[in-house]
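Asks: Pasting in a structure now, in structure tokens, and then I'll have a few things to ask.
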Amino acid sequence: MAEEIKQENTEQTTATRGRKPAERMYSKDELDAMVKAAVAEALKSAQAASPSVVQVKQDEYVTILYVGRFANGTTVSMPHWGTIAVAGETVDVPKKDFIRGLGNQVNRSLIAKKKVFVIDGLTEAERKRFNLVYEDGKYLSQEMFHAILDYPKDKICAIYEKLCDEHKQLVAGMFMDAYFEKGDTRVTGDTVKALNAISKKTHKDGLFTRILEDIGKKYSE
């Protein structure tokens, strides 16, 4: 009898162990509270993983020099780059705008004609990429552009000899403007004659001949 009771108790215990406990049912309020707690914990973890203050890098700038002639009172407009009101001056352009402006036909033409130069703001790799590497001596610097008429004859001729054809013509034009429009006494016959001889190597009639002819007329009178 005792063995039968023991066996029955054992079977009941085994059956009880085999049954899964009833799952707890949560109310809507309890579920909402659990979701809120989980979201709060996630936000807290995300904030801890990232800095609270994000520093934005300041925009880099490219300095553009305009070397060319234009009439007084006029300006040169360069899309995305700005406006030049005085020849031989510079303008600072955000690099992203400078790169965007390289696709503009007006700007490409100014670069091709050797009127616009980048004097600061690009790495050597970027200069090569955009084909903006300049050979020493072939172009007027900002200082040369403003002081070319002040230099002695030998220095002007040494500079002029090395210039590219576009800038040889630019210097000739500057001398023409100074002589015919302003009567600038810095334009002397000796200097003009020497420069004209150099210019005849690429321009057979000479780029300064008009000035020499006018000087000759004045002397003959």
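Asks: Would you point out the residue of the stretch 173-192, among those that are of a type in the set (D, E, K, R) and in contact with a Leu (Cβ under 7 Å, 6 or more places away or on another chain), that is farthest from Ile156 (Cα to Cα)?
Replies: Taking the stretch 173-192 first, the residues of a type in the set (D, E, K, R) are 177, 181-182, 184, 186, 190.
Filter again for in contact with a Leu (Cβ under 7 Å, 6 or more places away or on another chain), leaving 184, 186.
Working: Asp184: 16, Arg186: 12 Å.
My answer is Asp184.
Asks: Within the stretch 178-192, restricting attention to residues that are in a helix (DSSP H, G or I) and at pLDDT 95 or above, which residue is surrounded by the fewest Cβ atoms within 10 Å (Cβ to Cβ)?
Replies: So, considering only residues that are in a helix (DSSP H, G or I) and at pLDDT 95 or above, the one surrounded by the fewest Cβ atoms within 10 Å (Cβ to Cβ) is Asp190.
Asks: Filter the stretch 193-221 down to the residues that are among the hydrophobic types (A, V, I, L, M, F, W, C), part of a loop (DSSP other than H, G, I, E, B) and over 12 Å from Ile156 (Cβ atoms) and list them by number.
Replies: Leu207
Asks: Which of the residues that make up the stretch 168-193 are within 15 Å of Ala147 (Cβ to Cβ) and either in contact (Cβ under 8 Å) with a residue 40 or more places away in the chain or hydrophobic (A, V, I, L, M, F, W, C) (or both)? Don't jump to the end; show me each part of the working.
Replies: Initially, the stretch 168-193 is screened for residues within 15 Å of Ala147 (Cβ to Cβ), giving 170-171, 174-175, 178, 184, 186-187, 191.
Hits for the stretch 168-193 are Leu170, Val171, Met174, Phe175, Ala178, Val187.
Asks: Let me ask something additional. Provide a single number: the residues in the stretch 89-114 that are closer than 20 Å to Asp177 by Cβ and surrounded by fewer than 19 Cβ atoms within 10 Å (Cβ to Cβ).
Replies: 2
Asks: Can you spot a residue in the stretch 193-207 that is farther than 21 Å from Ala71 by Cβ, of a type in the set (Lys, Arg) and either surrounded by 13 or more Cβ atoms within 10 Å (Cβ to Cβ) or not assigned by TED's automatic domain parsing to the domain that holds Ala158 (or both)? Don't jump to the end; show me each part of the working.
Replies: Our first condition is that a residue be farther than 21 Å from Ala71 by Cβ; within the stretch 193-207, this holds for 193-206.
Next, only the ones that are of a type in the set (Lys, Arg) stay: 193, 200-201, 204.
Still in the running and either surrounded by 13 or more Cβ atoms within 10 Å (Cβ to Cβ) or not assigned by TED's automatic domain parsing to the domain that holds Ala158 (or both): 193, 200.
Within the stretch 193-207, one or more residues are farther than 21 Å from Ala71 by Cβ, of a type in the set (Lys, Arg) and either surrounded by 13 or more Cβ atoms within 10 Å (Cβ to Cβ) or not assigned by TED's automatic domain parsing to the domain that holds Ala158 (or both).
Asks: If you go through the stretch 62-83 one residue at a time, how many are hydrophobic (A, V, I, L, M, F, W, C) and loosely packed, with under 11 Cβ neighbours inside 10 Å? Explain how you work it out, then say what you get.
Replies: If we filter the stretch 62-83 for residues that are hydrophobic (A, V, I, L, M, F, W, C), which is where we start, we get 62, 64-65, 67, 70-71, 76, 78, 81.
Of the ones still in play, those that are also loosely packed, with under 11 Cβ neighbours inside 10 Å are 71.
Number of matching residues: 1.
Asks: Within the stretch 195-203, is there a residue that is of a type in the set (A, V, I, L, M), in contact with a Cys (Cβ under 7 Å, 6 or more places away or on another chain) and over 24 Å from Asn72 (Cα atoms)?
Replies: Yes - at least one qualifying residue is present in the stretch 195-203.
Conditions tested, residue by residue: (1) modelled with pLDDT of 95 or more; (2) under 25 Å from Ser77 (Cβ atoms); (3) crowded, with 17+ Cβ neighbours inside 10 Å.
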position: Lys138; (1), (2), (3): yes, no, no
position: His146; (1), (2), (3): yes, yes, no
position: Lys153; (1), (2), (3): yes, no, no
position: Leu163; (1), (2), (3): yes, no, yes
position: Lys217; (1), (2), (3): no, no, no
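The values are calculated or read from the model by the stated rules, or taken from the named source; none is laboratory data. Just so it is clear, the structure is predicted and the values come from calculations on it, not from any experiment. Using ideal geometry, Cβ is built from the backbone for each residue, glycine included, and neighbour counts are taken over all protein chains shown.
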